[in-house]
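In what follows, a single structure is set out as structure tokens and then discussed.
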Amino acid sequence: MRRFAILMLLGSAMITFSFAQGKKQKAPKSQTLFTVNKKTVTTNEFIYLYKKNHQNKSEDFTNEKIQEYLDLFINFKLKVEEAKARGLDTTQAFIKEYSQYKDELRKPYLPDTKLTDSLVRLTYNRMKEEVRASHILINVKPDASPEDTLKAYNKIIDLRNKIKKGEDFGMIASEFSEDPSARTNQGNLGYFTAMQMVYPFESAAYSTKVGEVSMPIRSRFGYHIIYVTDRRPARGEVEISHIMLRTGDGKDNEKVKNTIFDIYDELQAGVKWDELCRQYSEDPGSKDSGGKLKQFGVGAMASIPEFERIAFSLNKPGEISDPFQTQYGWHIMKLERKIPLAPFEELNASLKSRVNRDERTQVSKQALTLKLRKDFQFTEQPAAKTKVLALADTSIQTGKWKAPAYPKANKEILFSLTGKNYSVKDFLDYAQKNQKPTSQLPAKYLEELYNHFVDASILTLQEEKIMRENPDYTYLLQEYYEGILLFEIMEKEVWNKASDDSVGQHKYYDAHVNDYQAGERAKASFYFTASNNFVAKLKPILEAGDEKAIQEFVAQNKLKTETGFYKKEEKTILRKVPWTAGVHSTENNGMYYLAWLKDILPPGPMSFEEARPAVISDYQTYLEKNWVQQLKKKYSVKVNEKGKQYVFQNLQQK
């Protein structure tokens, strides 16, 4: 809970901060406010944090309140300094957690976020329209050789030329397309919308005019040419129910047909749909729920075109189709509802999730990578790269590759970004640290690591730019960094010690027993649920005080329980039962209770058991205070009075 609370505070900072993220802010010139172990804490950092944590609280901008916060902030920095001295920021757990927060904070500033937003909007706009198209496919693997790739490309160009000269697209598709379905459908894909085809295919279909044949486009399946035959506004989705009688497997089709028409006649005569569905339908997944199917859109039933056609031809909820046949059998369909395309605001979140999982994101990221390399003036040294990639051997496939000796590796330049040089040694160090087992060929995998290194180097430069242009982002990163460290060190030095040190708790209680006083109260347990069936059975068990039997009864009957020390005015239940020791029954707001008042305690000091939650809290404060005093002896703290006065003036100016 403490970790959640600390990070929630930081998370609220992130939300507050995000409102201003688009504005580049120039920080005023900063001064030293104080130092801890000769490490400077600036006035700007303190002012930023104070304003952020005291928004809309004008009463907090007094000398007294600011001084109080400054004292706490110094203590905070002392704890963080101790955490760093112990190396808590070098553990794998810390690095992983901080990296996750850092990645989230950085997202709004990176081109990837803008890319995703634009892809989501583009996809939604495409979903407003349905395209009918046919295609011809010539297979070629993604990793095909240049020779095989060129051969496939020339083949599909030849087919396109034939069509452009007047030959029928469907006939060419049925004869030459390597999509097996083209033999029967002549390449006709019917209507489809965004997110139903691979992204390069979708983009080509939406950018080709009706009646035209696209230039060849490459997908992971090979080369396609696309013939667009129609466009229409999107019809959204439909939700339907159906009654199905199966055909095939030796069944008499004519007999099945007669049966489905008899069912149709019964529907027309007023027999209820659900009754006939349960009695006759042979779709086991839907017959007991009135034949209802999950809503679907255009193209979702492309393998059953007649089913889709009938579904979208129905207009009014409750309308029933004539019997019709598909490859699965005979059907009667009922329209439940038509669902238009939802507004963008409603679909944005789910669509973004789908887009991020779709290959369109990868395709667009590849284009973005090329743009970033251009923006950061990426300059490669081909000769050095060739020599480096030749160093790979089969050990890299097991993730245990060690780079052989490379003369002057720290001096030979591999590439540069905005004038900053990256050496062969820089990359070899990165590759050895980040390699993982792979099935790729050694040189191919080392080249992949090289590209990752270039991208990671660009990301570092991007972050440096973000930090220069957005001071608040820098402070927020530091907050997360120090917040995680604070949790780790407080858990070790205070929270766990206070909770686990029962001897220390007792000593603290004995030394401060007069601090733990209470008025008249009851030591009580409550047992309750929405039914009163348990009362007569549990009451004698409670009166007998058989703890094992009580626990078994509670578990078997799934009762809710609550135990503790309570003043009469603290619980409505206690005001409804006699204020005497014993087992009492009552009811409150539809819940039935047994209140077992084990003892009525007079005013006076609380026992250790009763006071324990307060004792632990006070013991934590005691341990923390002593620990901070030790830290102040260990690390020098110097406050700059000039910087302090600047802070007071800045925060209190109107």
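Here are the numbers:
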quantity	calculated
Shape call, segment 146-190: gyration tensor on alpha carbons, a/c limit 1.5	oblate
Assigned charges on the beta-carbon of Lys, Arg, Asp, Glu; segment 372-487 dipole about Cα centre (debye)	660 debye
Residue-wise HN-Hα coupling along segment 459-465, computed from phi with Karplus coefficients 6.51, -1.76, 1.60 (Hz; x: Gly, Pro)	4, 4, 5, 4, 5, 4, 5
Euclidean distance between Cα centres, segment 283-354 to segment 158-185, Å	31 Å
Ranked packing of 634-640, 194-200, most packed first, by mean Cβ within 10 Å	194-200, 634-640
Shape of segment 253-292, Cα gyration tensor, a/c cut at 1.5	oblate
Student exercise, the chain dipole from Lys, Arg, Asp, Glu Cβ charges, in Debye to nearest 20	2420 debye
Fraction of the pair-distance distribution of segment 237-339 above 20 Å, Cα-Cα pairs, percent	33 percent
Dipole axis of segment 520-602 (+1 Lys, Arg; -1 Asp, Glu on Cβ), positive-most option in A524, T561, T586	T586
Scaled radius of gyration (Cα, divided by 2.2 N^0.38 Å) that segment 208-270 gives	2.05
Karplus-derived HN-Hα couplings along segment 636-643 (A = 6.51, B = -1.76, C = 1.60, θ = phi - 60°), whole Hz, x at Gly and Pro	6, 10, 10, 9, 8, 4, 5, x
For A518, residues with placed amide H under 5 Å, excluding near neighbours	G604, M606
Gyration tensor verdict on segment 520-602 (Cα atoms; rounded if a/c is under 1.5, prolate if a/b is larger than b/c, oblate otherwise)	oblate
Amide H within-cut-off set for T229, under 5 Å, with H built and near neighbours excluded	R132, A133, S134, G211
For segment 116-129, Karplus couplings with θ = phi - 60° (6.51, -1.76, 1.60), whole Hz, Gly/Pro x	4, 4, 5, 5, 5, 5, 4, 4, 4, 4, 5, 5, 6, 9
For peptides 134-145, 472-483, sequence by mean Cβ density within 10 Å, most packed first	472-483, 134-145
Given charges at Cβ of Lys, Arg, Asp, Glu: the chain dipole, positive-most of S134, T35, F324	T35
Of the trypsin sites (Lys or Arg not before Pro) in segment 30-91, those whose Cβ has at most 15 other Cβ within 10 Å and which sit in DSSP loop	K38, K57, R86
Principal-axis tilt of helix 424-434 within the chain, Cα atoms, nearest 10 degrees	80 degrees
Ranked by how many other beta carbons lie within 10 Å on average, peptides 91-100, 243-252 from highest	243-252, 91-100
Order of W596, W627, W495 under a 10 Å beta carbon neighbour criterion, fewest first	W495, W627, W596
Long-range HN-HN contacts of E336 with modeled amide H, under 5 Å	E239, I240, S241, G318
Residue among V355, N451, P146 farthest towards the positive dipole end of the chain, charges placed on Cβ	N451
Residue-averaged [θ]222 nm for the chain, counting only DSSP H segments that reach four residues, each worth -39500 (n - 2.57)	-16500 deg cm²/dmol
Inverse mean reciprocal Cα-Cα distance (Kirkwood Rh) of the chain, Å	33.6 Å
Violating pairs (Cα-Cα greater than 30 angstrom) within the set K374/K408; K107/K433; K39/K625; K57/K507; K151/K433	K57/K507; K151/K433
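Each reported figure results from applying straightforward, stated rules to the coordinates on display, with no laboratory input. Not measured: the values here are computed from a predicted model. When we count neighbours, we look across all protein chains shown, and the Cβ atoms used for this are built from the backbone with ideal geometry, even at glycine.
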